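**Student:** My structure is below; once you've seen it, I'll send some questions.
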Amino acid sequence: MNFTVLRTKSDLATWQKQIQNEQIHFVPTMGCLHQGHKALIKAAKKFSAKKPSTVLVSIFINPLQFSEGEDFSKYPRNLEQDCQIALGAGANAIWAPSFETLFPKGKENHFVIQAPSSLKENLCGAKRQNHFDGVATIVLRLLNFVKPKQLFLGEKDWQQLVIIRKLVKDLGLQVEVQSIPTVRDKDGLACSSRNEYLTNQERKKALTLPKLLFEQSMLFESNKSIDLKNLRLDLEQKGLNVEYLEIVDLKSLAPVNYYKTKLCLLAAGVYCGKTRLIDHIFLMNRKPIVAIDGPAGAGKSTVTKRFAKQLGLIYLDTGSMYRAVTWFIQEQKINPDDEKELVKALSNIKLDIHLADSGIQQVLLNGQDISKEIRTPKVTAAVSNIASKAAVREKLTAQQKAIGLKGGIVAEGRDIGSTVFPDAELKVFLTASSKERAKRRADDLANQGFEVPNLKELEHQIQERDKIDSTREIAPLIQAMDAKELATDGMTIDEVIDTLTRMFREEIPEEVWPSNQL
Ligand code: PAF
């Protein structure tokens, strides 16, 4: 197997020339590799089977991130063993620069950067001044030299992950951040290079930390409250010296009133003897919900279905429910503008939505499978009008809320983020120009064997539908305040799904909802 240990910047540059066409997947480490690092390297290896890529692991014990009196000088160093471990896990090369390579003129003569104070001053940052500035400075430096396509970091160091994600976003760095769940040893202790310092007896004590955190998450799941004071006391009584214990927002890291938040982080830093350990648990009392709204023909169904499948979430197409009601009204020749008649008709409808992992959604109306019937152009032409009726919206919104009670779904529609699931973890407003949407609609119709009107006519129909959808009084098509817009003109379906997945990962860690749920 081809394996290279690079030392200098020019070693790195020569290697980069050799692998020219391959994307670099980068795993930065401080060495003393353990199961957690192995998992990062394996994830990097697995990441893009489609494109030629190569995995580079860096080993650099960064003095900038150690505070005075910390364990910089005794931090475990064993390059040979690290190389063996990295190689075994699938790395193609290791870059182990010296301090002089990265800071040839000493650190006073090079740029350093500062992490935002809102992110670095609590949790681990409260007692470790300059730690996150040191991490951000070195990661930026490594990224500038390595120029990777993907950067792999562990969720174990959640605060570090949040700060590096912010660094990448703020500075517009051309790298995508991928995170992997905390890896634990068999006994439950989160893997860390510092575990090496623990004596057998200390290790037994240290196990109290993951155990008690896990117990709290179970309490939270069953809607019981968490008493931080008691928890701190419990930890101290078991012999751990608590540095911090907080419940914080996942992204801002600000302390939260967890009764009101959907997903938050219970994080702790403790001393077990002289060894500093950190651990956390995510608190969530239902599975995640993703709301995807947007105008007709923006490609919502195609991408939402595949995105849901990829993440092991159930796909809910709320549009099909409005289509089913429309079909029924047309079949029964009901006048939708006669409110009494409409309400009576609705009371005669029993709509069953069978959701399947495969993404195929079966629509049964009063027991009859009408999944195909609701896709005709006749239904398409009338659905916006029917969906603008208060009685229809009320009935279907209630049913959708009930379907999503336990979460675990990706719902697609016009008012999901604003009305149906206002507390969805991720809200996306998927758009495309009316020209692009007309083109996609034409392809769709042709694929289903329907007659295809000319593109100008289709574009006009789409614009008319947008107008009805966005101007109706009840639950109009609007971008929820906290929704992120994703304009898909010129993007392939795979690119849209990749972008959605990245957006999802910014809200929902792998630890909460791993990608391989299916
Ligand atoms: O997580 C680590 O090992 C380090 O903080 C990192 C990201 C390699 C920077 O030195």
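**Student:** When the residues of the range 466-517 are narrowed to those that are among the hydroxyl-bearing types (Ser, Thr, Tyr) and assigned to a helix (DSSP H, G or I), which ends up farthest from Asp423 (Cα to Cα)?
**Tutor:** Of everything passing the filter in the range 466-517, Thr471 is farthest from Asp423 (Cα to Cα).
**Student:** What number of residues within the range 87-118 are surrounded by 21 or more Cβ atoms within 10 Å (Cβ to Cβ), out of contact with any strand residue (DSSP E or B) (no Cβ under 9 Å at 6 or more places or on another chain) and part of a helix (DSSP H, G or I)?
**Tutor:** Going through the range 87-118 one residue at a time, the tally reaches 0.
**Student:** Okay, next question. Output yes when any residue across the range 410-425 is at pLDDT below 95, over 24 Å from Glu473 (Cα atoms) and either surrounded by fewer than 16 Cβ atoms within 10 Å (Cβ to Cβ) or of a type outside the set (A, V, I, L, M) (or both), and no when none is.
**Tutor:** yes
**Student:** Could you list, in sequence order, all residues of the range 37-68 that are within 16 Å of the ligand (Cβ to nearest atom), outside any loop (DSSP other than H, G, I, E, B) and surrounded by fewer than 21 Cβ atoms within 10 Å (Cβ to Cβ)?
**Tutor:** Lys38, Ala39, Pro63, Leu64 - these are the residues of the range 37-68 that are within 16 Å of the ligand (Cβ to nearest atom), outside any loop (DSSP other than H, G, I, E, B) and surrounded by fewer than 21 Cβ atoms within 10 Å (Cβ to Cβ).
**Student:** While we're on this one: Would you pick out the residues in the range 335-379 that are at pLDDT below 90 and surrounded by 17 or more Cβ atoms within 10 Å (Cβ to Cβ)?
**Tutor:** Residues satisfying the conditions are Ile353, Leu355, Gly359, Gln361.
**Student:** From the list Leu207, Leu235, exactly one residue is closer than 16 Å to Leu189 by Cα and touching a residue at least 24 places away in the same chain (Cβ under 8 Å). Which is it?
**Tutor:** Leu235
**Student:** Only helices (runs of 4 or more DSSP H) wholly contained in the range 331-444 count here; list those with 2 or more residues that are farther than 25 Å from Asp466 by Cβ.
**Tutor:** Ranges flagged: 339-347, 390-403.
**Student:** On to the next question. Being touching a residue at least 60 places away in the same chain (Cβ under 8 Å) and of a type in the set (D, E, K, R): is that true of Asp82 here?
**Tutor:** Spelling it out, it is not the case that Asp82 is touching a residue at least 60 places away in the same chain (Cβ under 8 Å) and of a type in the set (D, E, K, R).
**Student:** Further question on the same structure: Mind listing just one residue for me: the one in the range 445-455 that is outside any loop (DSSP other than H, G, I, E, B) and without any contact (Cβ under 8 Å) to a residue 12 or more places away in the chain and, of those, nearest to Ile497 (Cα to Cα)?
**Tutor:** Narrowing the range 445-455 to residues outside any loop (DSSP other than H, G, I, E, B): 445-447, 455.
Going one step further and asking which of them are without any contact (Cβ under 8 Å) to a residue 12 or more places away in the chain, we end up with 446-447.
Details: Ala446: 23, Asn447: 21 Å.
Restricting to residues being outside any loop (DSSP other than H, G, I, E, B) and without any contact (Cβ under 8 Å) to a residue 12 or more places away in the chain, the top hit is Asn447.
**Student:** When you go through Ile497, Ile468, Ile508, Ile462 one by one, which is the residue that is more than 28 Å from the chain's Cα centre (by Cα), crowded, with 17+ Cβ neighbours inside 10 Å and β-branched (Val, Ile, Thr)?
**Tutor:** Ile462
**Student:** If you don't mind, another one. Pairs, please: C-beta under 7 Å, at least 6 apart or cross-chain, first residue under 30 Å from Glu243 (Cβ atoms) and in the range 279-290, second among the polar types (S, T, N, Q)?
**Tutor:** Listed pairs, sorted by first residue: Ile281/Gln216; Ile281/Ser217; Leu283/Ser217; Asn285/Asn223.
The values are calculated or read from the model by the stated rules, or taken from the named source; none is laboratory data. Predicted model only: the values in this text are computed from it and were never measured. Here Cβ is always computed from backbone atoms with ideal geometry, including for glycine, and neighbour counts include all displayed protein chains.
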